[in-house]
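*Asks:* The structure under discussion is supplied below as structure tokens; questions concerning it will follow.
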């Protein structure tokens with residue numbers, strides 16, 4: 001098992017971007033519960049942090065090392081600030097492009113992973129759950145699957161001028177732009193999905209999960225209903241749980257088991 005932290009100059013966000021990584025390069029097979037994952041090449045998983053988080057969250061609070069071992073995954077975890085993994089439309093502020101295109105290209109060039117869509121996945125929690133959905137749907141040529149946990153899917157609420165108090169209203173408007181037209185923009189995963197479906201493009205498989213005591217439960221039900229109506233290739237789960245690591249660690253395993261089955 002190799003792990004570490006690196007930085008490189010990312011043009012899309014015009015800064016030295018940090019990311020942590022875990023590689024299953026010397027795993028003892030006695031540790032692995034389902035050895036079938038080692039009958040195939042190592043797949044790549046990019047894991048996204050939540051609001052106020054950093055690239056080390058999934059290492060210290062989460063189970064990045066455990067999932068790397070159990071599922072034969074090279075796991076990469078970038079720091080992206082509180083930008084919801086969205087493009088601002090100018091070089092220096094394009095966080096979707098960073099996660100959806102530039103970081104996978106760097107991983108491919110330096111580490112030799114993320115060589116194909118079929119072997120590249122994305123996941124995240126809260127803001128990162130939204131980011132995983134948005135990025136997978138914005139770059140379906142990069143990602144074949146998405147694990148979205150406790151996703152911050154508040155597009156409809158924001159369009160109605162409703163704010164939850166977690167982020168100041170001015171910050172929400174700065175990150176998401178014009179809220180009046182947000183439902184019919186690429187800020188809305190529902191809109192993204194419909195555009196992909198209309199174009200006939202390949203759409204990534206989606207796994208989503210939310211705790212029944214989570215404040216985001218209602219908005220996740222709305223997205224679940226939408227995906228059901230669209231006959232999407234997705235799997236939904238919920239269970240007792242709040243917006244915390246107890247839930248995210250358990251359901252990251254469940255999500256990967258479904259995506260990799």
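The values are calculated or read from the model by the stated rules, or taken from the named source; none is laboratory data. Given the structure is predicted, the values throughout are model-derived calculations rather than measurements. Cβ sites come from the backbone with ideal geometry, for glycine too, and all protein chains shown count toward neighbours.
*Asks:* Answer with yes or no whether residue 221 is surrounded by fewer than 17 Cβ atoms within 10 Å (Cβ to Cβ), within 18 Å of residue 143 (Cβ to Cβ) and either touching a helix residue (DSSP H, G or I) at 6+ places or on another chain (Cβ under 6 Å) or modelled with pLDDT of 95 or more (or both).
*Replies:* no
*Asks:* Name the residues in segment 116-126 that are touching a residue at least 24 places away in the same chain (Cβ under 8 Å) and within 14 Å of residue 101 (Cα to Cα), would you?
*Replies:* Residues satisfying the conditions are 117, 120, 121, 122.
*Asks:* Right, another one. For residue 32, are the conditions met, namely being without any contact (Cβ under 8 Å) to a residue 60 or more places away in the chain and either in contact with a strand residue (DSSP E or B) (Cβ under 7 Å, 6 or more places away or on another chain) or at positive phi (or both)?
*Replies:* Taking the combined requirement at face value, the residue does not satisfy it.
*Asks:* Give segment 84-117 a look and list any residue that's surrounded by fewer than 20 Cβ atoms within 10 Å (Cβ to Cβ) and within 14 Å of the chain's Cα centre (by Cα), or say none.
*Replies:* 101
*Asks:* I would also like to ask the following. From the set of residues in segment 196-218 that are in a loop (DSSP other than H, G, I, E, B) and buried (at least 16 other Cβ atoms within 10 Å of the Cβ), which is farthest from the chain's Cα centre (by Cα)?
*Replies:* 214
*Asks:* Tell me which of these residue 66 doesn't satisfy, since it passes every other one: (1) in a helix (DSSP H, G or I); (2) touching a strand residue (DSSP E or B) at 6+ places or on another chain (Cβ under 7 Å).
*Replies:* (2)
*Asks:* Could you give me the residue pairs with C-beta distances under 6 Å whose first residue belongs to segment 45-60 and is over 22 Å from residue 145 (Cβ atoms), whose second residue is assigned to a strand (DSSP E or B) and modelled with pLDDT of 95 or more wherever it lies, and which are 6+ apart or on separate chains?
*Replies:* Once the first residue is over 22 Å from residue 145 (Cβ atoms) and sits in segment 45-60, its partners that are assigned to a strand (DSSP E or B) and modelled with pLDDT of 95 or more give 56/20.
*Asks:* Same structure, new question: For the condition more than 18 Å from residue 135 (Cβ to Cβ), assigned to a helix (DSSP H, G or I) and more than 18 Å from the chain's Cα centre (by Cα), what is the one hit in 257, 222?
*Replies:* So the residue among 257, 222 that is more than 18 Å from residue 135 (Cβ to Cβ), assigned to a helix (DSSP H, G or I) and more than 18 Å from the chain's Cα centre (by Cα) is 222.
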